[in-house]
Amino acid sequence: MQFVKFMTSGMGRAARIVLGLVIMSVGLFVVKGTMGTVLAIVALVPMSGGLFDFCLIGRALGYPLSGASARKQLAGK
């Protein structure tokens, strides 16, 4: 699957980190209050996935959680 291949690549990991930073910024500086805090906490999921090389979307689609393992499996297909 091309989407999982992109998400586990270096560019996909960087995109998840940037997306997490954008969501966190929106939560803290635009939404504010309790909803803003919740949004900022939710933003930690894509950021940590990009930083620590795991992909929850890949896992939901039947690939390994580890980005390295998913890349290995995708290369074999």
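What follows is calculated from the coordinates using simple rules that are stated; it is not laboratory data. It should be emphasised that the depicted structure is a prediction, and the values quoted were computed from it without experimental measurement. Quick reminder, even Gly has a Cβ in these numbers, built from the backbone with ideal geometry, and neighbours come from all protein chains shown.
The table that follows gives values for the structure above.
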| read-out | value |
| --- | --- |
| Test result for residue 3, in contact with a strand residue (DSSP E or B) (Cβ under 8 Å, 6 or more places away or on another chain) and either in contact (Cβ under 8 Å) with a residue 12 or more places away in the chain or surrounded by fewer than 13 Cβ atoms within 10 Å (Cβ to Cβ) (or both) | no |
| Number of positions in segment 42-63 that are surrounded by fewer than 20 Cβ atoms within 10 Å (Cβ to Cβ), under 8 Å from the mean Cα position of the chain (by Cα) and not hydrophobic (A, V, I, L, M, F, W, C) | 1 |
